[in-house]
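As C-alpha coordinates, the structure follows; a few thoughts come after it.
The values are calculated or read from the model by the stated rules, or taken from the named source; none is laboratory data. These numbers were taken from a predicted model, which means no experiment stands behind them. Cβ sites come from the backbone with ideal geometry, for glycine too, and all protein chains shown count toward neighbours.
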Amino acid sequence: MGIEEARGKLGDLAQEVEKRGEPVVLTKRGRPLAVLLNREEYSRFKLAGMAAARAELERYLAKVRRNVKGTALKRSVVDEAIAVVRRAR
(Lines give C-alpha, C1' and ligand atoms only; values in the text may rest on other atoms or scores of the structure.)
Protein backbone atom coordinates (compact mmCIF):
# COMPACT_ATOMS: atom_id res chain seq x y z
CA MET A 1 0.00 0.00 0.00
CA GLY A 2 1.30 3.42 -0.89
CA ILE A 3 2.29 5.69 2.00
CA GLU A 4 0.02 8.48 0.80
CA GLU A 5 -2.94 6.10 0.68
CA ALA A 6 -2.07 4.67 4.11
CA ARG A 7 -1.71 8.11 5.70
CA GLY A 8 -5.45 8.64 5.97
CA LYS A 9 -6.14 5.04 7.01
CA LEU A 10 -3.42 4.48 9.60
CA GLY A 11 -5.80 3.82 12.49
CA ASP A 12 -7.82 1.34 10.45
CA LEU A 13 -4.66 -0.32 9.13
CA ALA A 14 -3.27 -0.72 12.65
CA GLN A 15 -6.49 -2.38 13.81
CA GLU A 16 -6.52 -4.66 10.76
CA VAL A 17 -2.90 -5.70 11.32
CA GLU A 18 -3.62 -6.39 14.99
CA LYS A 19 -6.78 -8.38 14.20
CA ARG A 20 -5.59 -10.40 11.20
CA GLY A 21 -1.90 -10.63 12.08
CA GLU A 22 -0.95 -9.99 8.47
CA PRO A 23 1.72 -7.32 7.93
CA VAL A 24 1.11 -4.39 5.59
CA VAL A 25 3.96 -3.35 3.32
CA LEU A 26 4.11 0.40 2.84
CA THR A 27 5.53 1.62 -0.45
CA LYS A 28 6.70 4.86 -1.97
CA ARG A 29 6.53 5.12 -5.74
CA GLY A 30 6.02 1.35 -5.85
CA ARG A 31 9.17 0.62 -3.85
CA PRO A 32 8.77 -1.22 -0.50
CA LEU A 33 9.75 1.17 2.27
CA ALA A 34 8.42 -0.11 5.61
CA VAL A 35 6.26 -2.81 7.15
CA LEU A 36 3.45 -2.38 9.64
CA LEU A 37 3.42 -5.38 12.04
CA ASN A 38 1.32 -6.34 15.02
CA ARG A 39 3.01 -6.29 18.45
CA GLU A 40 3.37 -10.07 18.73
CA GLU A 41 5.19 -10.36 15.40
CA TYR A 42 7.41 -7.40 16.27
CA SER A 43 8.29 -9.04 19.60
CA ARG A 44 9.21 -12.29 17.82
CA PHE A 45 11.52 -10.39 15.47
CA LYS A 46 13.15 -8.53 18.38
CA LEU A 47 13.69 -11.74 20.36
CA ALA A 48 15.13 -13.53 17.32
CA GLY A 49 17.49 -10.62 16.69
CA MET A 50 18.61 -10.57 20.30
CA ALA A 51 19.20 -14.33 20.29
CA ALA A 52 21.25 -14.07 17.10
CA ALA A 53 23.31 -11.21 18.55
CA ARG A 54 23.91 -13.14 21.78
CA ALA A 55 25.01 -16.23 19.82
CA GLU A 56 27.40 -14.12 17.75
CA LEU A 57 28.83 -12.56 20.90
CA GLU A 58 29.32 -15.98 22.49
CA ARG A 59 31.18 -17.18 19.37
CA TYR A 60 33.38 -14.10 19.50
CA LEU A 61 34.11 -14.54 23.21
CA ALA A 62 35.02 -18.19 22.66
CA LYS A 63 37.47 -17.08 19.97
CA VAL A 64 38.97 -14.49 22.33
CA ARG A 65 39.37 -17.14 25.04
CA ARG A 66 41.12 -19.48 22.57
CA ASN A 67 43.48 -16.68 21.56
CA VAL A 68 44.27 -15.90 25.20
CA LYS A 69 45.57 -19.45 25.68
CA GLY A 70 48.58 -18.59 23.53
CA THR A 71 49.52 -15.53 25.58
CA ALA A 72 50.81 -14.80 29.06
CA LEU A 73 47.36 -13.55 30.12
CA LYS A 74 45.45 -15.64 32.61
CA ARG A 75 42.05 -16.79 31.44
CA SER A 76 40.57 -15.75 34.80
CA VAL A 77 41.66 -12.15 34.16
CA VAL A 78 39.97 -12.15 30.75
CA ASP A 79 36.81 -13.74 32.19
CA GLU A 80 36.69 -11.13 34.96
CA ALA A 81 37.09 -8.31 32.39
CA ILE A 82 34.20 -9.75 30.38
CA ALA A 83 32.07 -10.00 33.55
CA VAL A 84 32.81 -6.35 34.42
CA VAL A 85 31.69 -5.20 30.97
CA ARG A 86 28.51 -7.26 31.17
CA ARG A 87 27.62 -5.81 34.58
CA ALA A 88 28.24 -2.26 33.29
CA ARG A 89 25.43 -2.60 30.75
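Worth pointing out:
- Number of residues in segment 2-33 that are touching a residue at least 24 places away in the same chain (Cβ under 8 Å) and within 25 Å of the chain's Cα centre (by Cα) equals 6.
- Search result, residues across segment 1-47 that are at pLDDT 90 or above and among the β-branched types (V, I, T): V17, V24, V25, T27, V35
- Here N38 fulfils each of the conditions (1) touching a Gly at 6+ places or on another chain (Cβ under 7 Å); (2) closer than 30 Å to I82 by Cβ; (3) not charged (D, E, K, R) apart from (2).
- Some residue of segment 21-38 being farther than 19 Å from G2 by Cα and of a type in the set (D, E): no
- Residue match in segment 66-84 (condition: within 30 Å of A14 (Cβ to Cβ) and either of a type outside the set (K, R) or in contact with a Pro (Cβ under 7 Å, 6 or more places away or on another chain) (or both)): no
- Near pairs, Cβ below 6 angstrom, 6+ apart or cross-chain, from segment 42-60 (more than 18 Å from V85 (Cα to Cα)) to any residue that is of a type in the set (V, I, T): none
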